[in-house]
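Q: Here it is, the structure in full.
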Amino acid sequence: MIERPNYIKELIKFKDKELIKIITGIRRCGKSTLIELYRDYLIKNGISKEQIISINLEDLKYNFIQNYMDLYNYINDNLLHDKKNYVFIDEIQRIPEFQKVADSLYLNKQIDLYITGSNANLLSSELSTLLTGRYIEIKMLPLSFKEYKSTKKTDNLEEIYQKYISLGSFPYTIQLDEDEISMYLSSLYNDVIIKDVMIRKGISDETMLKSVAMFTLDNIGNLLSTNNIANTMKNNGRPINVRTVERYLEGFIESFFLYKASRYDIKGKQYLKTGEKYYVSDLGLRYFMLGRKLGDRGHILENVVYLELLRRGYDVYIGKMDEYEVDFVALNSKGRIYIQVCETLRDNENRILARELNSLEKINDNYEKMILTLDNMPISNENGIIVRNVLDWLIDF
């Protein structure tokens, strides 16, 4: 199993706190493995196996659990009443009204509850209504570049990066060759697009759904709107209304297939309602769905940086500074970082570097400003703006 140290640290930090620990993320990003690693940690640190109740609702072994009372009764029947119990429920959204179980178990002070799910809408809307202030969400993604590198024998970062963006970062792909990875991603596509989007959203037109998905994947890092997508589909002979596009995009986001980055007006210090960009949770899926089309390498690099900022705990927006764009404004409780992402800064007249610097130099505050590039170069400082190799930045955390 691949160690996921940052996620394990989060679980350890909240161990025995009176909060439900909810682990969310796209299918097969490693949620079940994380739970297994954490159970191993508990056992190594004095928790007996009898204190642990673990239920994977996708396992036929638990097919007898069909409703929330079945789930509650099974857990209640297996509790130790004189010790702390650690209860793990995998893919809890499969049980209708599961939030009632979560609420009831939360009230039992002898239970430390951990649940996972692969649908953001279920876990955010239903649970937040009933359990406001009672849970924390750990948002899980496929392997980071640093985690992916730890599985490779070579130290050649450029070689590892090419595999990372083309073969993908789902943990199980590490065990497969390239042909097997294609088959694996095909099955994952069916799980996410068919089960998590079509069935849950009540969508009947798989061909149109796939067309919208492929268009969005082909335009990661570009400003998009539902009108733009609908008009493009219409021009290609596939008419679709704006509301249907919205529904499709909602499904992609709820299943953690896509992430949406909204715009932020840096000068006006306000969030903008129009113009957003979409990024995919795994570039291997994009590569697979677009027929091995690598596409715009600069926007692919943006996608990698965007996901890494999410992993590091930031809320990430697209920056607007007057007529200029800043690729990312990353905010957290400690402040913010402004980041420009550029595949290469090299040209004969340094025009690219000047352009990237210009956007950041317009920002009149003291927060960190950075340009990340694939150029193999040492860290430099340009008028207070850090310029560094993005692959070094990705493993420096």
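Every read-out reported here was derived from the displayed coordinates using simple, explicitly stated rules and does not represent laboratory data. No experiment lies behind these values; they were computed from the predicted model shown. Counting neighbours? That spans all protein chains shown, and the Cβs are built from the backbone with ideal geometry, glycine included.
Q: Efficiency by 1/(1 + (r/R0)^6): what FRET value for ASP265 and GLU382, r their Cβ-Cβ distance, R0 = 25 Å, to the nearest 0.05?
A: Values: r = 25 Å, r/R0 = 0.99.
Once rounded, the FRET efficiency stands at 0.50.
Q: Here's a follow-up. State the Kirkwood hydrodynamic radius of region 145-395 in Å, one decimal place, computed from all pairs of distinct Cα atoms. Let's see the in-between values first.
A: Values: mean 1/r = 0.0517 Å⁻¹.
Mean inverse Cα-Cα distance, inverted, gives 19.4 Å.
Q: If you take the beta carbon distance between ASN228 and ASN63 as r and set R0 to 30 Å, what does 1/(1 + (r/R0)^6) give as a FRET efficiency, to the nearest 0.05? Kindly include the intermediate steps, with their values, before the conclusion.
A: On the way: r = 44 Å, r/R0 = 1.48.
Step by step, r from the Cβ atoms, then E = 0.10.
Q: Mind giving me the nanometre distance, one decimal, between the label points for GLU325 and ASN108, set 7 Å out from Cα along Cα→Cβ?
A: In this crude label model, GLU325 to ASN108 measures out at 5.2 nm.
Q: Mind checking region 17-125 for chymotrypsin sites (Phe, Trp or Tyr not before Pro) that DSSP puts in a loop (not H, G, I, E or B) and that have at most 15 other Cβ atoms within 10 Å?
A: Details: sites: TYR38, TYR41, TYR62, PHE64, TYR68, TYR72, TYR74, TYR86, PHE88, PHE98, TYR106, TYR114; in loops: PHE64.
Filter output for region 17-125: PHE64.
Q: Which distance in nm do the two modelled labels at ASP179 and SER150 give, with both placed 7 Å along the Cα-to-Cβ direction?
A: 3.2 nm
Q: Please list, ordered by chain and number, the residues whose modelled amide H lies under 5 Å from the amide H of ASN56; skip anything fewer than 5 residues away on the same chain.
A: So ASN56 has HN proximity to ASP90.
Q: Now, a different point. Across all directions of projection, what mean area in square nanometres is found for the Cα convex hull of region 5-139? All intermediate terms of the calculation are to be shown ahead of the outcome.
A: On the way: hull surface 30.3 nm².
Quarter of the Cα hull surface area: 7.6 nm².
Q: How much of the DSSP bridge set in the chain is antiparallel, in percent, rounded to the nearest 5? Don't skip to the end; give the middle numbers.
A: Numbers: 23 of 55 bridges.
Here the share of antiparallel DSSP bridges comes out near 40 percent.
Q: Counting other Cβ atoms within 10 Å, which trypsin sites (Lys or Arg not before Pro) in region 290-397 have at most 14 and lie in a DSSP loop?
A: On the way: sites: ARG292, LYS293, ARG297, ARG311, ARG312, LYS320, LYS334, ARG336, ARG346, ARG351, ARG355, LYS362, LYS369, ARG388; in loops: ARG292, LYS293, ARG312, LYS334, ARG346, LYS362.
Within region 290-397, the qualifying trypsin sites (Lys or Arg not before Pro) (loop, at most 14 other Cβ atoms within 10 Å) are ARG292, LYS293, ARG312, LYS334, ARG346, LYS362.
Q: Under 19 Å Cα to Cα from LYS21, which lysines show up? Leave out anything in the same chain fewer than 8 places away.
A: Candidates past the 8-residue exclusion: LYS9, LYS13, LYS31, LYS84, LYS100, LYS109, LYS139.
Q: Let me ask something else. Which value, in Å to one decimal place, does the Kirkwood hydrodynamic radius take for region 243-290 when every pair of different Cα atoms is included? Walk me through the numbers before you get to the answer.
A: On the way: mean 1/r = 0.0812 Å⁻¹.
Result for region 243-290, one decimal place: 12.3 Å.
Q: Oh, and also: Among the GluC sites (Glu not before Pro) in region 1-108, which ones are in a DSSP loop with at most 14 other Cβ atoms within 10 Å of the Cβ? Mind listing them? Working shown, then result.
A: Details: sites: GLU3, GLU10, GLU18, GLU36, GLU50, GLU58, GLU91, GLU97; in loops: GLU3, GLU18, GLU58, GLU91, GLU97.
Within region 1-108, the qualifying GluC sites (Glu not before Pro) (loop, at most 14 other Cβ atoms within 10 Å) are GLU3, GLU18, GLU58, GLU97.
Q: State whether region 144-293 is rounded, prolate or oblate according to the following rule on the C-alpha gyration tensor (a ≥ b ≥ c being the square roots of its eigenvalues): a/c under 1.5 gives rounded; otherwise a/b larger than b/c gives prolate, and the remaining case gives oblate. Intermediate results must be reported in sequence, preceding the final value.
A: Numbers: a/c = 2.20, a/b = 1.37, b/c = 1.60.
Oblate.
Q: Turning to a different aspect of this structure: Each residue of region 191-206 in turn: what ³J(HN,Hα) in whole Hz from Karplus with 6.51, -1.76, 1.60 and θ = phi - 60°, glycine and Pro shown as x?
A: Values, residue by residue: 5, 7, 6, 7, 6, 8, 10, 4, 5, 5, 9, x, 9, 9, 9, 5 Hz.
Q: Give me the dipole magnitude in Debye, nearest 20, for region 145-395 about the Cα centre, with unit charges on the beta carbon: positive for Lys and Arg, negative for Asp and Glu. Can you show the working numbers first?
A: Details: 34 positive and 37 negative charges, 138 e Å.
Value, rounded to 20: 660 debye.
Q: Related question: Let's test the formula: R0 of 30 Å, r as the Cβ-Cβ distance of ASN235 and ARG351. What FRET efficiency results, to the nearest 0.05?
A: Values: r = 34 Å, r/R0 = 1.13.
Efficiency, rounded to the nearest 0.05: 0.35.
Q: If I model a spin label as a point 7 Å beyond the Cα along the Cα-Cβ vector, how far apart are those points for GLU97 and ASP205 in nm?
A: Label-label distance for GLU97 and ASP205, simple model: 3.6 nm.
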